[in-house]
């Protein structure tokens, strides 16, 4: 869809125009809001994401919380993805799209996930999500029954996102 492609392009430019301190400030604020959320505080198992350079930085957050919670991360396998437990940076390898991914066995019981924190190129207030265009997260989100929180920089929150029938929503969005 051309509209989605153009939106992704606009968002990439907006993120590229952000200063490093802005990314740091908004990223830390968003993660503090997640930490303060009662759903996060109660959660024992949390699905997160190993951030890319244009996303809210999650590496230190994951390392910190993996000491008291089970942190799961997605791993790209061909045209789909699976979920594995984060067991430390020494148990990661570079996977598809040059993203570090945990090694080990796949988690198959998605009902054990208490909360999912999901990235996106853009979100809207109704929870519609614009991904990178490959559909990995749409397939993954469709398998989850837990509460899903989208997380992004303020410039990634748009009034509305064009949707296709297969696009999956998050329950709410947190920006820094």
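Within region 125-134, take every residue that is touching a strand residue (DSSP E or B) at 6+ places or on another chain (Cβ under 8 Å) and crowded, with 19+ Cβ neighbours inside 10 Å and give me the one that is farthest from residue 151 (Cα to Cα). I'd like the intermediate steps shown before the answer.
Going through region 125-134, the residues touching a strand residue (DSSP E or B) at 6+ places or on another chain (Cβ under 8 Å) turn out to be 125, 127, 129-130.
Okay, now just the ones that are also crowded, with 19+ Cβ neighbours inside 10 Å, so 129-130.
Numbers: 129: 10, 130: 12 Å.
Per the stated criteria, the residue is 130.
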List the number of the failed condition for residue 161; all other conditions in (1) under 14 Å from the mean Cα position of the chain (by Cα); (2) farther than 24 Å from residue 24 by Cα; (3) part of a loop (DSSP other than H, G, I, E, B); (4) in contact (Cβ under 8 Å) with a residue 40 or more places away in the chain hold.
-> (1)
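Given the structure, is residue 12 surrounded by 14 or more Cβ atoms within 10 Å (Cβ to Cβ), out of contact with any strand residue (DSSP E or B) (no Cβ under 7 Å at 6 or more places or on another chain) and more than 25 Å from residue 92 (Cα to Cα)? Quick ask: steps written out before the conclusion?
Numbers: surrounded by 14 or more Cβ atoms within 10 Å (Cβ to Cβ): no; out of contact with any strand residue (DSSP E or B) (no Cβ under 7 Å at 6 or more places or on another chain): yes; more than 25 Å from residue 92 (Cα to Cα): yes.
Judged against the criteria, residue 12 is not a match.
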Is it the case that some residue within region 145-156 is surrounded by 13 or more Cβ atoms within 10 Å (Cβ to Cβ), under 15 Å from the mean Cα position of the chain (by Cα) and farther than 22 Å from residue 7 by Cβ?
-> yes
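In the list 72, 39, 31, which residue meets the criterion of being more than 21 Å from residue 99 (Cα to Cα) and either surrounded by 14 or more Cβ atoms within 10 Å (Cβ to Cβ) or free of Cβ contacts under 8 Å to residues at least 24 places away in the same chain (or both)? Steps first, answer last, please.
Details: 72 fails: more than 21 Å from residue 99 (Cα to Cα); 31 fails: more than 21 Å from residue 99 (Cα to Cα).
Step by step, each of 72, 39, 31 is checked, and only 39 is more than 21 Å from residue 99 (Cα to Cα) and either surrounded by 14 or more Cβ atoms within 10 Å (Cβ to Cβ) or free of Cβ contacts under 8 Å to residues at least 24 places away in the same chain (or both).
Go through region 109-129 and give me each residue that's touching a helix residue (DSSP H, G or I) at 6+ places or on another chain (Cβ under 6 Å) and over 15 Å from residue 46 (Cβ atoms). Outline the logic, then answer.
Looking only at region 109-129, we keep the residues that are touching a helix residue (DSSP H, G or I) at 6+ places or on another chain (Cβ under 6 Å), and these are 110, 115, 121-122.
Within region 109-129, 121, 122 qualify.
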Please note which strands (runs of 3 or more DSSP E) are completely contained in region 1-101 and include at least 1 residues that are touching a helix residue (DSSP H, G or I) at 6+ places or on another chain (Cβ under 8 Å) and within 18 Å of residue 146 (Cα to Cα).
-> 45-47, 70-77, 80-85
List the number of the failed condition for residue 138; all other conditions in (1) within 12 Å of the chain's Cα centre (by Cα); (2) at pLDDT below 95; (3) under 23 Å from residue 23 (Cβ atoms) hold.
-> (3)
Here the residues within region 119-153 that are closer than 14 Å to residue 10 by Cα and outside any strand (DSSP E or B) are 120, 121, 131, 132, 153
Any residue in region 103-115 that is modelled with pLDDT of 95 or more, under 16 Å from residue 60 (Cα atoms) and crowded, with 22+ Cβ neighbours inside 10 Å?
-> no
Would you check if there is a residue in region 83-94 being touching a strand residue (DSSP E or B) at 6+ places or on another chain (Cβ under 6 Å), crowded, with 16+ Cβ neighbours inside 10 Å and under 18 Å from residue 141 (Cβ atoms)?
-> yes
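The values are calculated or read from the model by the stated rules, or taken from the named source; none is laboratory data. Computed from a prediction, not measured in an experiment: that's the story for all the values here. FYI the Cβ positions are ideal-geometry reconstructions off the backbone, even for glycines, and counts take in every protein chain you see.
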